[in-house]
Amino acid sequence: MAGREAAGTAAGGAVQSSDIFDSSLQLEEQHIKEGYAEGVRDGKLAGLREGQELGIQKGFEIAQEIGFYAGCIQVWRKLRMHDPEAFPARVEKGIDSIAELVAAYPLENPKDERMQDMMLELRGKFKAVVAMLGVHEEYLPRERAAEPAYSF
């Protein structure tokens, strides 16, 4: 009987040692799953932060460009007040068109799908007006304006 118990214990021991390995394998799998979940969570947080920073930066750049066009409109209208014959009718129409686009630009709604199309239209009309005026004026963000015109 002692031999049988030893065999049973040996068999039971094998089962028991198998359980030890199973639990360590399960522990490893659990750590992998936890690490994955942590990585997903941290990635979402990092993505949200990066997205917010990029959104703030791009929003500022857009507002700065719209402000530039609005400033040009104000200058042209002041000039027109001092000299009503300063601009031909076509230029007047272009200035009014730019003013309408600036006023209609959806600064309050960043999800508006028309934003990009409106900005392209605004840039095109601005280029047309300055070409009709015979001046070389373009929007240069502060970073680009500060760069020297030459490079080596």
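A few remarks follow.
- Residue match in the range 71-93 (condition: in contact (Cβ under 8 Å) with a residue 24 or more places away in the chain and under 16 Å from PRO141 (Cβ atoms)): yes
- If you go through the range 87-107 and pick out every residue that is loosely packed, with under 12 Cβ neighbours inside 10 Å and of a type in the set (Gly, Ala, Ser), you end up with 3.
- In this entry, PRO110 is excluded by the filter for residues that are loosely packed, with under 12 Cβ neighbours inside 10 Å, without any contact (Cβ under 8 Å) to a residue 12 or more places away in the chain and either assigned to a loop (DSSP other than H, G, I, E, B) or touching a Gly at 6+ places or on another chain (Cβ under 8 Å) (or both).
- Single match in GLY59, GLY39 (criterion: farther than 16 Å from PRO110 by Cβ and either touching a Gly at 6+ places or on another chain (Cβ under 6 Å) or part of a helix (DSSP H, G or I) (or both)): GLY39
- Residue within the range 103-122 that is of a type in the set (Gly, Ala, Ser), under 26 Å from the mean Cα position of the chain (by Cα) and under 23 Å from LEU140 (Cα atoms) present: yes
No lab work stands behind these numbers, since they all come straight from the coordinates. What you are looking at is a predicted structure, and each value in this text was computed from that prediction instead of being measured. Because the Cβ atoms are built from the backbone with ideal geometry, glycine has one as well, and the counts that use them run over all protein chains shown.
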